[in-house]
Structure formats: C-alpha cells, structure tokens
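Notes follow once the structure below has been shown.
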Amino acid sequence: MRSKFSFLVVLLLIMSVTMAFAAGGREAAEEPARLAVATGGTAGVYFPLGGAFANIVSENVDGVTANAESTGASVVNVNLLNNAEVDFALIQNDVAYYAFNGVEMFSDQAPLANLRGFASLYPEVIQIVVNANAGIDSVDDLRGTRVAVGAPGSGTEANARQILAAHGIGYDDIRADFLSFAEAADALRDGNVDAAFVTAGTPTAAVTDVSTTHNVKILSIADDVAASIMADFPFYDQVTIPAGTYRNQDSDVNTVAVLAMMFVRAGLSDDMVYNVAKALFENLDAFSAAHARGGNLTLETATNGMPLDIHPGAARYYAEMGQ
Ligand code: GLU
C-alpha cells in the first residue's frame, strides 16, 4: 500500500515536471521567428517603408524573418495588431489614440489595449486631389460630387469624414466611394470620381502617378476651418505642401497633417523589440532609400507625439542611446 502510494507521488512529480518543461518549451516557441508587419495599399508610403523595415529586420536580427503585408491601413491595422495577427503595424497617431482609448470610431468596442508605441516616423498630409476640370475650387465645392474617401478601414477615410464634417458636408451630401489610393488614382483618371482624399507622406505614389498623366489640383483647407479642425481633433497640425511637389502644382497648398508611426504588439518580448529597434536605427540609410519620408526618422524624434505607452523593449533601446 505504502509503496503504491509513493509510486503515485513519484509519478505525479514526474508528470508535473514534464508539464512544466512542455509549458516552458511552448513559451519559448511563442517568440516567433517570423514577424508580420501590417502596411497599407501598394500606392501609398506605408507599403514601401514597411517593406524596407521588414528587410532590415530579416537581414539584421538573428534567426528572424519579417514580412510586410498590404492592408487597408490604419483602422484595419490597429485591429490586426491588437489581435496579435501581426507583430508590427504602421498606423496614424490619431487612429492609434482613438483605438487605444476606445473613442471616436472605436467608441462601440473595448479599448484596443495591446497596442504599444515603437517609433514616430513622418507627417502624413491630408491631400484632397481633384480633377482640374471639375469646377472644384474649395472643399465646400465637393458637395454633390463623387469623392473617393479612402479604403474601407483606412485612416484616410476617418480623416475624410472629419474634414468634410468641418465643412458641414456629410456622406449624404456626396457620393462616397471607398477606394484604395491606387483605385482612387485610376478613378480620377477615368473620370469615375471628381476628387480623392489621400492621407499619406508626400510625395505619394498614387498622386504622383495621376498627376503625370492627368490634370489634377490639390485643394487647400482655409485657415479658419483648419483651426476648428485642430481644436476638435488635436492630432492635426497645419502644414504646407510646397509648390512643385507634384507636376503642375504651381503654388503651395495649405492643409493639415497627422503623423505616421510604427506600433508593436504588447506581447512581443522586450528583447525582440529591443533587437528590432537596434537593427532599424543602425540601418536608417536602407529605410530612407525606400521612400524620401523614411529620411524623417531620427533617434532624437523617435518618440515625438507618441499617443500611447512605448514598448519597454524600444524604451530600453532609446534610453541606452541617451534619448
Ligand atoms: N495613412 C493612411 C491610412 O491609414 C495610409 C498611408 C499609406 O499607405 O502610406 O489610411
């Protein structure tokens, strides 16, 4: 009886040790050797910069391969990241803040608490591109026209709604088409829309493309309306698109901008995030080679305007670098 009992104790002990090992093994295996990076549409800036980021990580972080994915951009990306379907994501700072705090377009869902900051990148300019022959001289003139307002689940679409609303225009007052940048450029060219909203770093490939083959112009947002937009939504800043950014753009365009940022999921280990940060900042030349706006990233500005907590792995890297 006694020996049977101790046999049982020993068996239980062995089982629990084995299970602990298995759990440890599983935990170690949870650190992915493959990282997924959510970007945006192919005619934007997230896509080339996200691709460069993935290459830098694959080439410089031992045992890790990163892949960039094309997506509908910011709003899609906060959800992918929060659900750990991707590890890193490019997202507008305004959208990340709204998602993390469960406000604005996220007010009907629980806060997306798994988002963490990684690096602040560059201004994303709200570019309202119109067919030059459509008789549209101001945002007010968009009433009654056909407008590409951004891909479904994009930050662009959120910005289009806010900016139109600041002019007293709702989606009922226009024909809103939910198109990616590339689709919007085609639709402008083919005369299927009169205007397109693009929130992206400049120059944006879609705008460059359509402006080389078609007569388009970019609308300014009047100072008083810009001031009221910034009062209602503090993530906007007033910016100028310098004359000559696009073909036939003879004068400066005054508009508003938000910021592009790289975010990371909270569950990725501190060491992994630290190693990715180190790889990125040691290879900024490869990042800026992918698109001019990659050149905006510096160690000194990497945490500027970050709307939520920075991941401890990135924070450790910045602290070590004296930031
Ligand atoms: N900021 C845009 C969005 O979230 C995407 C910009 C890009 O693809 O470069 O809608």
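Checking residue 302 against (1) at pLDDT 95 or above; (2) part of a loop (DSSP other than H, G, I, E, B); (3) open to solvent by 40 Å² or more (accessible area, probe 1.4 Å), only one condition comes out false. Which one?
Exception for residue 302: condition (3).
Restricting attention to the range 69-94, report how many residues are on the phi > 0 side of the Ramachandran plot and either within 15 Å of the ligand (Cβ to nearest atom) or buried (at least 22 other Cβ atoms within 10 Å of the Cβ) (or both).
Of the residues in the range 69-94, 1 are on the phi > 0 side of the Ramachandran plot and either within 15 Å of the ligand (Cβ to nearest atom) or buried (at least 22 other Cβ atoms within 10 Å of the Cβ) (or both).
Output the number of residues of the range 41-72 satisfying the condition of being over 14 Å from residue 293 (Cα atoms), in a helix (DSSP H, G or I) and under 15 Å from the mean Cα position of the chain (by Cα).
Counting residues in the range 41-72 that are over 14 Å from residue 293 (Cα atoms), in a helix (DSSP H, G or I) and under 15 Å from the mean Cα position of the chain (by Cα) gives 1.
Restricting attention to the range 253-299, which residues are within 16 Å of the ligand (Cβ to nearest atom) and assigned to a helix (DSSP H, G or I)?
287, 288, 290, 292, 293, 294, 295, 296
Could you grab me the full set of residues in the range 120-141 that are free of Cβ contacts under 8 Å to residues at least 40 places away in the same chain and closer than 13 Å to residue 221 by Cα?
140, 141 - these are the residues of the range 120-141 that are free of Cβ contacts under 8 Å to residues at least 40 places away in the same chain and closer than 13 Å to residue 221 by Cα.
Working only within the range 40-68, note down all residues that are within 12 Å of the ligand (Cβ to nearest atom), out of contact with any strand residue (DSSP E or B) (no Cβ under 8 Å at 6 or more places or on another chain) and open to solvent by less than 70 Å² (accessible area, probe 1.4 Å).
41, 43, 48
Out of 170, 144, 150, 117, report the one residue that is out of contact with any Cys (no Cβ under 7 Å at 6 or more places or on another chain), within 16 Å of the ligand (Cβ to nearest atom) and either under 24 Å from residue 227 (Cα atoms) or in contact (Cβ under 8 Å) with a residue 24 or more places away in the chain (or both).
Of 170, 144, 150, 117, the one residue that is out of contact with any Cys (no Cβ under 7 Å at 6 or more places or on another chain), within 16 Å of the ligand (Cβ to nearest atom) and either under 24 Å from residue 227 (Cα atoms) or in contact (Cβ under 8 Å) with a residue 24 or more places away in the chain (or both) is 150.
Can you find even one residue in the range 24-36 that is modelled with pLDDT of 95 or more, of a type in the set (Gly, Ala, Ser), open to solvent by less than 80 Å² (accessible area, probe 1.4 Å) and within 13 Å of the ligand (Cβ to nearest atom)?
Checking the range 24-36: not a single residue is modelled with pLDDT of 95 or more, of a type in the set (Gly, Ala, Ser), open to solvent by less than 80 Å² (accessible area, probe 1.4 Å) and within 13 Å of the ligand (Cβ to nearest atom).
Right, residue 270: at pLDDT 95 or above and either under 30 Å from residue 32 (Cβ atoms) or of a type in the set (Ser, Thr, Tyr) (or both) or not?
When the stated conditions are applied, residue 270 passes them.
Condition first: over 30 Å from residue 272 (Cα atoms) and hydroxyl-bearing (Ser, Thr, Tyr). Now tell me which residues in the range 101-141 satisfy that.
107, 138
Name the strands (runs of 3 or more DSSP E) wholly inside the range 120-232 in which the number of residues that are open to solvent by less than 10 Å² (accessible area, probe 1.4 Å) is 1 or more.
Those strands (runs of 3 or more DSSP E) span 146-148, 195-200.
The values are calculated or read from the model by the stated rules, or taken from the named source; none is laboratory data. Note that the structure is predicted; figures quoted are calculated from it, not measured. As a convention, Cβ positions derive from the backbone with ideal geometry for all residues, glycine included, and neighbour counts pool all protein chains shown. Remember, those area values only see protein heavy atoms, side chains included, never the ligands or the DNA or RNA. Shrake-Rupley method; radii C 1.70, N 1.55, O 1.52, S 1.80 Å.
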